[in-house]
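For reference, the structure discussed in these notes is given below.
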Amino acid sequence: MIESVERDGRTLRGFAGEYRRLFAGYEVATGALTELDRIGGWAEDQLPSLRRRHTLSLAAARIGDTPFTAVTEKILTLGEAREHGRALGLVHNQIFREFSGDFQAEAIHRWSEKIAGLAKDPDAAAAFYTALDPQIRDVLPALIADSGSRTAKGDLERLGRALGAALRSGSRPPGFDRVKQDFLRPTNRVTAWNRLALLRSAGAPTAFRSEAARALALDGFARAPRGDQRGAGRAQLRAFGYPGDTVALAFDVLAGDGAAVRDAFAKMGGPSSRLGRIEKMKLVLDHAGRPGNERLAESFGRAAESGAEAGTERPGKHSREAAAFTFDLIRVASGFRENLPAGARPSMARIGASYVHELVSGGRFDKAALRESGMTRPPHWEDAPGVTPAFFLSPKDTYGFLRTFAGDERLTEEFDESLGSFRQEALMAAARRDAQQGGLTKQFRGANIMFGDFGGLQFLAEVEVRGQQDATEALVRNFLKNTAGLGLEIGFKHPAAQVAWTLTKAYGASAVLDDWAGDFEKRVEKVTEARVAWSVRMKYDLAQILHQAGFPATPPPAELVDKRTGGLKSYDQFVAEAKVDASTGTRSWDQVLLSKLAPYEEWLDANEIFDEKVESGSRLRTSDYAKNLIRKSS
């Protein structure tokens with residue numbers, strides 16, 4: 001119950017804050033939201049008392065047959081909690097005034113362990129920070145680093161978590177409001193860095209986190225982006241491993257709270273700022289691209305992932321706020337292409353994996369090919385089954401964004417994992433739609449065209465950044481790596497789905513790049529020393545999807561059916577069987593394979609509509625029209 005009250009109170013206040021900003025933009029009264037915020041605040045105020053009662057209840061439940069029980073942890077009243085926190089704060093003051101060297105480092109560590117317990121008691125934590133000398137508090141990370149403590153980072157994180165608890169305290173002891181306000185006032189870079197370092201592990205409430213990050217770094221940066229933003233010395237960098245740039249550290253504070261990230265970008269620069277979100281993002285990335293600012297790119301990337309809700313919302317079901325943020329981010333990043341600061345590239349790949357619906361739709365050339373990016377559906381657009389984009393990208397912006405991480409094979413492999421699963425799901429949805437209409441609609445064909453377009457666009461991005469030879473060899477390696485460990489059935493998370501996506505990229509690229517298809521097959525043959533009919537493989541994979549989706553057809557012959565699943569065998573099952581049979585006979589495995597596939601071909605030929613769906617899907621390629629459009633627009 002306590003966890004539910006805490007979670008729902010935080011959610012309610014976050015909702016009120018988010019919609020207050022939206023309502024204000026349309027000049028709608030926000031009185032109802034103020035009431036919701038008050039209710040959420042009341043819920044948070046109850047938490048310290050509820051937790052104390054819970055601890056006492058647990059103790060009472062352990063009594064059993066004995067009339068008394070020993071409670072191992074002292075249960076503090078509100079007054080005792082505050083006095084306990086105040087005492088710890090006074091001792092901390094003494095440690096930094098009267099001790100030095102190893103003795104001081106050991107004392108800091110010992111007392112930080114005691115302070116760690118305050119994270120469970122917000123009232124005591126608030127009292128601790130109220131009693132802590134402001135002059136010590138504002139340089140606390142520097143003092144810990146200067147002591148030479150070998151446990152400096154862990155000690156600072158304990159203090160940060162206690163600060164987070166204090167900021168969530170409902171009762172707020174006298175004097176703590178002044179502590180809070182200190183964190184929300186602009187100050188010099190050194191003090192700002194120390195305050196941000198303390199907040200980094202605090203998990204502060206959304207509104208406070210956003211306001212502190214802006215006051216201590218981001219607002220000043222938006223007004224003077226070319227100034228020196230460093231605020232830490234070598235001792236702090238060595239002790240904590242945090243970035244020395246205050247802007248980077250501010251993004252570290254925001255990361256993990258999507259609402260705080262979006263709020264910070266909305267208000268960054270203060271009320272007088274005329275910069276929009278796109279201009280602010282570009283300022284940050286420009287600054288991150290300057291020598292010595294590599295950590296800023298990483299910090300911005302992590303914050304951007306949070307703002308996009310890349311790890312918290314499902315692809316194809318993103319909230320309006322997260323989608324709008326990501327729409328701007330993709331357009332900004334696409335302008336940098338492969339020149340995007342390196343530290344941000346892994347985050348772009350992860351955001352891309354979360355927004356596969358939008359990117360694959362953005363790679364379509366069959367509908368509204370000359371469209372501009374927008375949040376609304378373009379004229380004459382037709383939705384594809386199972387594909388639910390929250391916004392609509394132009395091919396140009398899609399291509400530019402893909403180039404931000406196309407140069408790193410590890411990142412494209414991770415991205416391809418999401419594409420393999422997504423392609424399987426979308427083709428299955430399209431096949432079911434066609435099956436429901438008796439095979440007379442062309443949803444399956446359209447879905448194959450869409451993925452072919454995107455596969456060609458993605459591979460073209462990889463070629464443009466890496467060069468054709470490197471990109472081709474990477475695709476061959478990926479194909480071989482996944483086929484080497486294949487099991488005997490296809491699935492959404494199975495390597496076969498990644499193989500199918502690799503072949504889809506190969507199909508797409510075969511018309512985008514002259515003579516590329518032959519080059520790909522030649523390289524595969526050279527490595528495997530066997531004929532790999534990748535176009536044939538694609539045909540049987542698509543047939544399996546159609547059959548699994550219930551597309552109308554006569555029952556397949558028994559030798560084509562997997563006895564475990566009742567569905568069609570996959571191409572890889574036929575290959576595995578052929579290799580086993582060939583090991584005890586005189587024919588090569590590919591000769592045995594052809595004989596095993598003969599009944600498959602006869603069955604397909606006997607089912608004309610089914611066969612037409614398979615053939616049209618497996619022979620699709622992107623056209624020169626797509627190649628010419630993307631090269632002209634870029």
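Laid out as a table, the results:
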{"quantity": "Ordering of 205-214, 353-362, 102-111 by burial proxy (mean other Cβ atoms within 10 Å per residue, highest first)", "calculated": "353-362, 205-214, 102-111"}
{"quantity": "Inter-part distance where the stretch 348-391 and the stretch 413-441 are each reduced to a Cα centre, Å", "calculated": "15"}
{"quantity": "Loop trypsin sites (Lys or Arg not before Pro), the stretch 422-451, which have at most 16 other Cβ atoms in a 10 Å radius of their Cβ (DSSP)", "calculated": "LYS442"}
{"quantity": "Rounded accessible area of ILE95 (nearest 10 Å², 1.4 Å probe)", "calculated": "0"}
{"quantity": "Cα-Cα over 32 Å, subset of LYS280/LYS317; LYS317/LYS396; LYS367/LYS563", "calculated": "LYS367/LYS563"}
{"quantity": "Most to least accessible of VAL463, VAL139 (protein chains only, probe 1.4 Å)", "calculated": "VAL139, VAL463"}
{"quantity": "Whole-number percent relative contact order across the stretch 212-336, with pairs defined as alpha carbons under 8 Å at least 6 apart", "calculated": "28"}
{"quantity": "Heavy-atom surface of the stretch 86-232, accessible at 1.4 Å and reported per residue (Å²)", "calculated": "41"}
{"quantity": "Accessible carbon and sulfur surface of the stretch 215-374 relative to its total accessible area, %, 1.4 Å", "calculated": "48"}
{"quantity": "Estimated FRET transfer efficiency when R0 is 45 angstrom, pair GLU601-MET375 (beta carbons, to 0.05)", "calculated": "0.45"}
{"quantity": "Solvent exposure, largest accessible area first (probe 1.4 Å, DNA, RNA and ligands not counted), of TRP589, TRP381", "calculated": "TRP589, TRP381"}
{"quantity": "Burial ranking of peptide ranges 193-201, 311-319, 407-415 (average Cβ count within 10 Å, highest at the top)", "calculated": "193-201, 407-415, 311-319"}
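The values are calculated or read from the model by the stated rules, or taken from the named source; none is laboratory data. What you see is a predicted model; the values in this text were computed from it and never measured. Glycine also receives a Cβ, built like all others from the backbone with ideal geometry; neighbour counts cover every protein chain displayed. In case anyone asks, the SASA skips ligands and DNA or RNA and just uses the protein heavy atoms, side chains included. Shrake-Rupley method; radii C 1.70, N 1.55, O 1.52, S 1.80 Å.
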